[in-house]
Amino acid sequence: MNKKILLLVSLFLASTFAFSGGLVTNTNQSTAWTRMLVRDASTGIDAVFYNPAGLSKLSDGFHFSISNQSLFQTQDINSTFPYLNGNDYVGTVKAPIFPSVYGVFKKGKMAVSFGFNPVGGGGGATFDNGLPSMEIPFAGLVPRLSTSLAPLGGSVSAYSMNMFFEGTSVYFGLQAGVTYEVNDWLSLYLGGRYIMAKNTYNGYIQDVKITTPSGVMAPGTYVNGVAGQAAAGATAAAGAVTSIQPLIDANAGAYTFDQLYGAGYITAAQRDQLKGGLLALGVPSATVDAMSALVAQGTYSTFATQLAAAATQLYGTAIYLNGVTADQEADVVQKGNGFTPIIGANISLMNEKLNIGIKYEFLTKMDLVDEVNDLNGVELGFVDGGSVSSTGVFTPTYMFNDGEITNADIPAFLSIGAAYKATDKLNVSVGVHTYFDQAAGWATNEDGNATVDGNFLEYGLGLEYALTDNFLLSVGYLGTQTSATEFYNDDLSYSLNTNTLGGGGAFKLNDRYTVQFGGFYTMYQDATFDKLDAATGIAYTETYAKNTWAVSLGLDISLGKKKTE
């Protein structure tokens with residue numbers, strides 16, 4: 001089982017759908033966030049997620065927030081592997097329903113809160129033409145078969161196939177906790193989040209064909225035909241060895257074929273047949289003309305042995321190719337769960353003009369268990385794709401196996417933010433997040449290489465301006481610096497530095513209801529990585545690019561008394 005490939009695939013969906021946040025973590029968890037991008041010192045209802053210790057600033061009573069984001073992402077992958085039919089792969093990611101629900105009951109110094117949201121994943125990805133890592137093993141058939149079959153006169157000029165891949169991922173979180181106001185300037189929070197993770201993989205690889213001098217056919221069929229030709233050549237060469245033996249026995253082994261014909265040992269037809277056989281095996285004409293019967297017999301014997309061995313090997317290769325290029329489907333579900341302890345603190349200074357929020361989410365230990373339907377677990381390809389027994393039976397090796405366990409830890413992260421009331425109308429917020437990726441179970445791959453070289457960093461600035469007592473507008477910026485190394489980044493799972501711009505507003509209908517609206521656009525910095533195909537030894541590069549945009553609408557409901565200063 002190739003754990004490295006499986007780990008990347010398992011991380012693929014989680015990282016693909018981490019629209020904002022760390023490698024596998026979503027922090028876009030409210031409409032207010034989409035319009036501002038910094039909520040780490042929030043004292044609103046979405047503080048349930050961003051700054052739960054700040055809930056002490058709410059008025060006594062019940063408070064609720066319901067919001068949804070519709071997110072859309074395009075992924076562009078370019079591979080320079082020379083034998084691909086096309087070098088560009090485009091994937092679309094959609095999450096039209098991305099909900100966040102929060103509830104708080106505040107009484108005196110204490111607040112009890114709960115939250116429900118997709119803390120990881122949350123959408124579906126579709127690659128109509130698959131991915132380079134899925135296609136390169138088949139594209140590599142062209143140089144591999146051309147090289148290996150050339151001594152036998154075989155060649156491959158092209159390949160074709162049909163391929164499709166889609167997946168979904170969601171890590172739903174159920175959060176609950178208690179906030180306690182220690183004094184006028186300090187509040188503390190203790191809580192946790194239960195994670196329910198589910199990934200699905202569906203797709204197919206079909207109709208793998210190669211173009212040969214004999215036409216378009218399945219790779220195994222063509223190799224089997226070449227094996228048959230090699231076997232026939234071995235039989236013919238062995239027959240020539242036998243036919244020359246009487247000449248050796250007659251002490252004519254030192255004669256050339258022309259001399260044997262001139263001396264009446266063989267007929268012209270026999271001479272031409274023996275010489276023609278050597279020519280067909282690639283022996284130069286001048287060498288054949290000068291070759292004695294004894295040397296010719298040894299040459300035929302060598303070719304007979306080599307061709308027989310080649311035929312045996314090619315028959316096995318044909319069986320193997322029939323196995324790994326057969327139509328196959330992916331029908332896999334991965335499930336797992338984990339628990340995240342959460343602590344927080346809120347500090348209010350300068351007569352509450354400055355509010356500081358601190359939250360720490362501990363490492364979530366989590367494994368995903370494979371559920372494979374009808375052995376549709378995706379064969380691994382040509383390096384680890386299976387084996388052929390001595391009796392000629394192909395046994396595939398699958399990327400996913402029912403009941404297999406893969407690590408999917410969610411890294412711990414620390415958020416520190418500050419909100420400053422610069423004027424009666426202007427609020428300024430800043431925030432910094434650190435994701436402690438190096439402590440996750442997947443931070444080192446099976447070869448001992450680090451998939452991350454540090455901690456993922458996120459930093460942001462948000463501005464909020466009240467046009468009236470009931471209506472405000474906001475803008476925000478969020479930047480990230482990824483920790484992923486070349487051992488993490490693959491077309492299945494890659495992380496890029498980003499710059500995000502957001503904007504929107506809020507309209508207070510009355511003391512109970514506030515409508516939130518916003519959206520954001522994320523620009524990813526393209527990255528190019530050097531790759532090496534193990535099967536062919538071909539070096540190439542892959543360039544990864546993305547863009548994401550989203551719109552959001554939410555409603556905040558406060559059923560408590562207005563808090564007095």
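The values are calculated or read from the model by the stated rules, or taken from the named source; none is laboratory data. These numbers come from a predicted model, not from an experiment. Every residue, glycine among them, receives a Cβ derived from its backbone with ideal geometry; neighbour counts consider all protein chains shown.
Counting residues that are assigned by TED's automatic domain parsing to the domain that holds ASP526 and modelled with pLDDT of 95 or more, which helices (runs of 4 or more DSSP H) fully inside the range 1-111 reach at least 1?
Here the list reads 31-36, 47-50.
So, THR126, is that one hydroxyl-bearing (Ser, Thr, Tyr), modelled with pLDDT of 95 or more and in the same structural domain as ALA176 (by TED's automatic domain parsing) or not?
No; evaluated as a whole, the condition is false for this residue.
Of the residues GLN306, GLN229, GLN259, GLN273, which is in a helix (DSSP H, G or I) and either assigned by TED's automatic domain parsing to the domain that holds GLY154 or over 60 Å from the mean Cα position of the chain (by Cα) (or both)?
GLN259
Show the residue pairs meeting these rules: Cβ distance below 9 Å; 6+ apart or different chains; first residue within the range 436-465 and assigned by TED's automatic domain parsing to the domain that holds THR498 and at pLDDT 85 or above; second residue assigned to a strand (DSSP E or B) and acidic (Asp, Glu).
Between residues of the range 436-465 that are assigned by TED's automatic domain parsing to the domain that holds THR498 and at pLDDT 85 or above and residues that are assigned to a strand (DSSP E or B) and acidic (Asp, Glu), the close pairs are GLY441/ASP367.
If you check ASN510, ASN499, which single one turns out to be touching a strand residue (DSSP E or B) at 6+ places or on another chain (Cβ under 7 Å) and among the polar types (S, T, N, Q)?
None of the others qualify; the one that does is ASN499.
Quick one: in the range 40-83, of everything that is under 30 Å from VAL178 (Cβ atoms) and aliphatic (A, V, I, L, M), which residue is surrounded by the fewest Cβ atoms within 10 Å (Cβ to Cβ)?
Only one residue fits best here, namely ILE66.
Just one of ASP76, ASP60 is closer than 30 Å to ALA535 by Cβ and among the acidic types (Asp, Glu); which is it?
ASP76
Is there a residue in the range 173-192 that is over 30 Å from GLY108 (Cβ atoms) and in a strand (DSSP E or B)?
No, because not a single residue in the range 173-192 is over 30 Å from GLY108 (Cβ atoms) and in a strand (DSSP E or B).
Does ALA236 count as part of a helix (DSSP H, G or I), buried (at least 16 other Cβ atoms within 10 Å of the Cβ) and in contact with a Gly (Cβ under 7 Å, 6 or more places away or on another chain)?
yes
Of the numbered conditions (1) out of contact with any strand residue (DSSP E or B) (no Cβ under 7 Å at 6 or more places or on another chain); (2) surrounded by fewer than 16 Cβ atoms within 10 Å (Cβ to Cβ), PHE257 fails exactly one; give the number of that condition.
(2)
Does ILE343 meet the test of being of a type outside the set (Ser, Thr, Tyr), part of a strand (DSSP E or B) and farther than 30 Å from ASN199 by Cα?
No, not satisfied.
Over 19 Å from the mean Cα position of the chain (by Cα), surrounded by 15 or more Cβ atoms within 10 Å (Cβ to Cβ) and modelled with pLDDT of 90 or more: does that describe GLY560?
Spelling it out, it is not the case that GLY560 is over 19 Å from the mean Cα position of the chain (by Cα), surrounded by 15 or more Cβ atoms within 10 Å (Cβ to Cβ) and modelled with pLDDT of 90 or more.
Go through (1) surrounded by 17 or more Cβ atoms within 10 Å (Cβ to Cβ); (2) of a type outside the set (Asp, Glu); (3) within 23 Å of ILE77 (Cβ to Cβ) one by one and return the number of the condition GLY462 breaks.
Checking GLY462 against (1) surrounded by 17 or more Cβ atoms within 10 Å (Cβ to Cβ); (2) of a type outside the set (Asp, Glu); (3) within 23 Å of ILE77 (Cβ to Cβ), the one that fails is (3).
Does VAL295 qualify as being not in a strand (DSSP E or B) and not assigned by TED's automatic domain parsing to the domain that holds ILE195?
So VAL295 passes the test.
Every residue in the range 152-180 that is surrounded by 20 or more Cβ atoms within 10 Å (Cβ to Cβ), of a type outside the set (A, V, I, L, M), at pLDDT 90 or above and over 21 Å from the mean Cα position of the chain (by Cα), please.
Listed by number, the residues that qualify are TYR159, GLY173, GLN175, GLY177, THR179.
Looking at (1) under 30 Å from ALA318 (Cβ atoms); (2) among the polar types (S, T, N, Q); (3) over 29 Å from the mean Cα position of the chain (by Cα), which one does ASN401 not meet, given that it meets all the others?
Checking ASN401 against (1) under 30 Å from ALA318 (Cβ atoms); (2) among the polar types (S, T, N, Q); (3) over 29 Å from the mean Cα position of the chain (by Cα), the one that fails is (3).
Among the residues of the range 510-542 satisfying the criterion of being without any contact (Cβ under 8 Å) to a residue 24 or more places away in the chain and either assigned to a loop (DSSP other than H, G, I, E, B) or not assigned by TED's automatic domain parsing to the domain that holds SER133 (or both), which is surrounded by the fewest Cβ atoms within 10 Å (Cβ to Cβ)?
Of everything passing the filter in the range 510-542, ASN510 is surrounded by the fewest Cβ atoms within 10 Å (Cβ to Cβ).
Does THR211 count as in a strand (DSSP E or B) and of a type in the set (Ser, Thr, Tyr)?
Spelling it out, THR211 is indeed in a strand (DSSP E or B) and of a type in the set (Ser, Thr, Tyr).
Check whether at least one residue in the range 363-379 is surrounded by fewer than 18 Cβ atoms within 10 Å (Cβ to Cβ) and touching a Pro at 6+ places or on another chain (Cβ under 6 Å), and report yes or no.
The answer is no, given that none of the residues of the range 363-379 is surrounded by fewer than 18 Cβ atoms within 10 Å (Cβ to Cβ) and touching a Pro at 6+ places or on another chain (Cβ under 6 Å).
Give VAL112, VAL93, VAL101 a once-over and let me know the one that is under 25 Å from THR541 (Cα atoms) and β-branched (Val, Ile, Thr).
Of the residues listed, the single one that is under 25 Å from THR541 (Cα atoms) and β-branched (Val, Ile, Thr) is VAL93.
Out of the range 276-286, which residues are farther than 23 Å from ASP249 by Cα and part of a helix (DSSP H, G or I)?
LEU279, ALA280, SER285, ALA286
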